[in-house]
Every structure is written in structure tokens, then in C-alpha cells.
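What follows is a short report on a single structure.
Any read-out appearing in this document is the output of simple, stated calculations on the displayed coordinates, not a laboratory observation. Because the structure is predicted, anything quoted here is derived from the model rather than measured. Ideal geometry is used to build each Cβ from the backbone, glycine not excepted, and the neighbour counts take in all protein chains shown.
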Amino acid sequence: MTLTVKRREGNVSGMILLSISLHLLTILIINNGNLFHAKLHEAAPYYVDIINLPSISPTAPSTGSEPAPQPAPIVPAAHVAPAPKALPPPPAPAAMALPSKNSPASTAPTQEQLQREQREQDAKNFLERMGNLERGAEAKHQAAALAALQKKASQQTKGGPPAAAGTAPGSDYGAYIQSRLKDALAGNIVYRSQKPEAAVHLYIDKNGKLVRYVMTQPSTDKLFNSSVIKTIENAKNSFPPVPGGLPFDKLFVFGPQEVKH
Amino acid sequence: MSLFAGTGLIVKLVLALLIYFSVVSWAIIFYKFIQVHKANKESERFLAFFWQTKRFDAVSAQIDRFANSPLSILFTEAYNELKKLGEKVEESSDPNVINTDLGGVDNIARALRRATTSEITRLEKYLTFLATTGSTAPFIGLFGTVWGIMTSFKGIGETGSASLAVVAPGIAEALIATAIGLVAAIPAVMGYNHFQNKLRVLIAEMDNFSTELLNIVQRSFAKK
């Protein structure tokens with residue numbers, strides 16, 4: 001009689017089930033634990049009111065017997081940031097508000113309270129003056145920018161094709177639209193072929209709204225064509241109303257670097 | 001999960017393949033761990049019992065207790081061959097003596113070699129999958145990443161924007177494939193090396209036991 005060994009082999013399918021459950025558990029832990037999401041530890045912003053700093057105020061009294069100046073009150077950033085636009089003078093900070101009437105000290109104003117009121121008034125005046133100066137500077141800046149733009153548009157019109165005298169109604173407007181398109185082109189243009197060119201006819205109503213556009217001669221580069229359309233879509237909001245109150249339509253030829261009309 | 005959901009079709013297929021590799025690799029690792037652990041433990045117990053008993057028929061009566069040991073299989077094969085030889089050598093005056101001139105010991109040696117090879121094959125089963133996973137999974141993951149980055153760059157070209165907000169999500173989604181490839185490959189390589197080392201020890205034990213068994217057969221049964 002032949003001797004045999006009764007072997008009990010393990011089951012691989014059971015191990016596969018175990019492995020699947022282990023993987024599912026791991027995925028669950030990763031998903032719930034948000035392991036792939038970086039947590040940023042952001043420090044709280046610290047604002048400094050540079051306008052109301054005691055040392056800046058030119059009229060602030062500085063007597064030797066006076067107690068140490070209070071720290072600058074924390075105010076929202078909108079009141080402090082040196083924004084280019086003119087802002088209205090900020091309201092007086094809460095830290096410098098007058099004490100309430102319930103306070104026992106309010107019945108008889110002390111020397112300190114008077115000084116504080118004086119400082120508050122000085123700060124108000126200072127902020128008003130600063131606001132006026134900022135508004136004036138901004139207005140000057142805007143006027144200069146407008147003049148430069150008008151000068152540029154007129155120069156481009158004069159350098160146009162020979163047939164255009166630059167005096168026909170809408171001729172300046174065409175140059176302006178061309179400059180708007182050229183500005184938008186720089187941020188959107190994408191192309192694969194060597195020198196793609198696409199001609200697009202734009203129809204603008206008297207209010208400066210782009211009514212429709214037709215790509216009369218598309219380029220073979222589809223990527224370029226789609227970027228030209230994107231350029232027009234981006235630029236259309238910057239079209240001003242047409243001078244003379246007439247609708248405007250013109251053919252513009254788009255290249256990789258320039259827009260011709 | 002959002003990273004997985006945002007990937008393209010090819011990257012999803014790559015991820016599915018890598019997850020399959022990982023699941024099967026871990027199943028093999030668990031299975032092999034139990035198999036090799038049992039083989040080692042029962043081999044130790046079998047050797048202790050074998051040297052303590054010193055009688056082949058007593059060992060053969062208890063052989064089922066060591067079913068997972070490869071040494072018990074070697075003993076069984078040698079014992080069966082020995083019995084067959086004993087039955088054939090009828091002309092011998094002593095039925096317990098094998099005529100070595102007829103190649104009796106060689107027959108047992110061949111039976112032991114065959115059993116050893118069979119046991120090595122059994123113990124090495126599925127290990128090739130671990131080796132394949134360890135060597136190919138990183139490359140499959142890399143392929144998924146390259147494909148994902150290609151798609152991402154294509155999208156950048158079409159949108160015309162190359163800001164970090166546009167580029168980063170696509171790259172992050174693509175890099176998931178490499179990460180999963182490494183997650184699948186690293187345990188597979190570690191498991192493969194571990195089990196190869198354990199198997200080397202078991203194979204050496206089988207060789208030693210075969211030699212000892214042949215010596216005992218030669219000393220006890222063969223005619224000088």
C-alpha cells in the first residue's frame with residue numbers, strides 16, 4: 001500500500017477577499033482622513049493704522065508728563081491699504097471713541113480727555129486733507145491716461161491704409177477696436193502652424209455691443225481659430241459706443257502677433 | 001477620491017490595473033506567508049520527531065501530522081520507493097536488504113530529487129506574479145502619469161492659460177498613477193525577496209534531509 005500525505009492547502013480566493021477588504025479600508029481611511037488635502041497654517045493678518053499713529057500726526061502734543069502713547073488701533077485693511085483709488089476718509093477708530101455717559105469720568109472732563117479729543121479732531125482733519133489730495137491725484141492720473149489713449153488712437157488712424165483719410169465717420173473707431181483686439185490677442189493667442197491668419201468680420205451696433213461676427217477666411221490651424229474667437233469674446237466688452245450713432249462693421253485680419261484692418 | 005474622479009479614461013484604466021495588481025499581490029503575500037510559516041514550523045517538528053523515532057514505519061504512521069512540511073513529502077516518496085524495491089527483490093535471502101548492484105539507492109535518490117523539485121515548484125507558485133508586479137507596476141504608473149500630463153498640457157494649449165491654478169490640478173491627478181504604481185510595487189518586491197529567502201532555507205533543508213535519508217537507507221538496508 002502506497003503511503004500518501006493528506007495535505008490541506010490554503011485557499012487563495014479567501015486571501016483575495018481579505019486583500020480586497022484591506023484595500024477598501026485603506027481607501028476609506030485616506031478619503032475620510034483627507035490625506036491628500038494640504039492644510040495651510042495661515043497667520044492672522046496684522047493691520048497697522050499708519051495714518052493714526054501718534055508720531056505721524058503733525059499736531060499731536062508731546063509733553064513729557066504725558067503717559068506713554070496707546071498702541072495703534074487695529075482697523076480693517078480697506079481703511080489702511082494704500083489703494084490707488086481715492087477712498088473716503090475712514091471713520092474714527094473705535095479705540096479713540098469718546099467714553100460712554102455712564103462712565104463716572106464723563107461727568108467732569110479731565111485734561112487727558114480734552115487732549116484725546118484734540119488728537120481725534122487733528123486726525124480727522126489730517127485724513128480729510130489726505131483724501132482730497134488722493135482724489136485730486138487720481139483725477140489727474142485718469143485725465144492723463146485718457147489723453148494718451150486718444151493720442152494713440154488718432155496716430156494709428158492717420159497711419160492707416162492710403163484710402164482712409166482718417167476723417168470718415170467711424171475711421172478712428174476702427175483703429176480703437178483694432179487696438180482693443182490686439183490687447184486681448186496677447187493673452188489668448190495659441191497656434192500650431194507657422195503663420196496662421198484668419199479674417200473675421202465684426203458687426204457692432206451703435207451702442208458698442210458686438211452683434212455678431214463671421215470668420216470669413218478661417219486659418220487651417222483650428223487652435224488658432226478658436227483662440228481668435230476667444231480673443232473677440234474677451235475684447236467685446238471693452239468696445240465703446242460708435243461715434244455718430246451709426247452701426248459699425250469691419251473686416252479684421254488676425255495674425256499671431258497683430259491685428260490688421 | 002476627487003483626484004481619482006478627475007482623471008481621464010486612460011489614467012483610470014491604468015489605476016484599475018494597478019489596483020488589481022495590488023489586490024492580487026497582497027492576497028499572494030498573505031497566502032505565501034501562511035504557507036511558508038506552516039512549512040517551516042512543521043518541518044522543524046517533523047525533523048525532531050524523525051530523529052527521535054528512528055523507525056520508518058513509526059514515522060510513516062504519524063506522517064499526516066506534518067502534512068504541510070516538504071520534508072514529510074520527501075520521506076513519503078522515499079518510503080514508497082523503498083517498499084517497492086523491497087517487494088521486487090524477492091530472490092534476496094533477507095527481504096530487508098536492497099541489492100545496491102541493481103541501483104536500489106539510485107532509485108530512491110531519483111524519487112527524492114523528483115519530490116524536491118515538485119515541492120520547490122509548489123512553494124514557488126504565484127511568486128512570479130509578485131516579481132512581475134514589482135518590476136512592471138512603477139512603469140505602468142509612469143505611463144499613466146505621462147499620459148495624464150500630456151492631456152493636461154493639451155488642455156493648457158487649448159485654453160491658452162499656463163497659470164499654476166490651471167496646470168497644478170492636472171499634474172496632481174496624473175501623479176496619482178505613479179503613486180499607486182509604487183504602492184503596488186513596493187510590497188510586492190519586499191514580499192518576493194522575503195519569500196525567496198525563506199524558500200532558500202527550505203530548499204537547503206530538503207537537500208540536507210535527502211542526503212541524510214539516503215545515508216540511512218544505504219547504512220540500514222543496502223547489501224555491502
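Between residue B:208 and residue A:186, the distance separating the two model label sites (each 7 Å from Cα on the Cα→Cβ line) works out to 8.1 nm. Using only the alpha-carbon atoms, how far is helix B:9-53 inclined from the longest principal axis of chain B? Give it as 0 to 90 degrees, nearest 10. Between helix and principal axis, roughly 20 degrees.
Taking the dipole about the Cα centre of region A:166-260, with the C-beta of Lys and Arg at +1 and of Asp and Glu at -1, give me whichever of A:232, A:204, A:253 is farthest to the positive side. So the residue furthest toward the plus end is A:232.
Put a dot 7 Å past the Cα of residue A:193, heading toward its Cβ, do the same for residue A:212, and the two dots end up 2.5 nm apart. Exposure proxy for A:19, B:25, B:163, B:220: other Cβ atoms within 10 Å of each Cβ, ordered fewest to most, give B:163, B:220, A:19, B:25. Note on B:22-31: average number of Cβ atoms from other chains within 10 Å of each residue's Cβ is 6. Note on residue B:62 and residue A:17: the model spin-label points, each 7 Å out from Cα along the C-beta direction, lie 3.6 nm apart. Based on Cα contacts under 8 Å between residues 6+ apart, region B:19-78 shows a relative contact order of 37 percent. On full extension, the segment bounded by residue B:87 and residue B:13 gains 20.4 nm, given 0.36 nm per residue less the C-alpha separation. For the set A:151/A:222; B:32/B:84; A:182/A:209; A:195/B:154; A:152/A:236, the pairs lying more than 28 angstrom apart at their alpha carbons are A:151/A:222; B:32/B:84. Whole-Hz Karplus values for region A:201-210 come out as 9, 9, 10, 10, 7, 5, 8, x, 8, 6 Hz, taken residue by residue from phi with 6.51 cos²θ - 1.76 cosθ + 1.60 and θ = phi - 60°; glycine and proline positions read x.
In percent, rounded to a whole number, the relative contact order of region A:166-260 is 41, using alpha-carbon pairs under 8 Å and six or more apart.
Suppose R0 equals 30 Å. What FRET efficiency, 1/(1 + (r/R0)^6) with r the Cβ-Cβ distance, do residue A:8 and residue B:129 give to the nearest 0.05? FRET efficiency, residue A:8 to residue B:129: 0.85.
Remark: relative contact order (chain B) = 34 percent; criterion is Cα-Cα distance under 8 angstrom and separation of 6 or more residues.
Pick out, in residue order, every one of the trypsin sites (Lys or Arg not before Pro) in region A:177-261 that is DSSP loop and has at most 16 other C-beta atoms within 10 Å; say none if there are none. When the trypsin sites (Lys or Arg not before Pro) of region A:177-261 are filtered for loop state and at most 16 Cβ neighbours within 10 Å, A:192, A:206, A:209 remain. Taking amide H as placed 1.01 Å from N in the peptide plane, residue A:259 has no amide H partner under 5 Å among residues 5 or more places away or on another chain.
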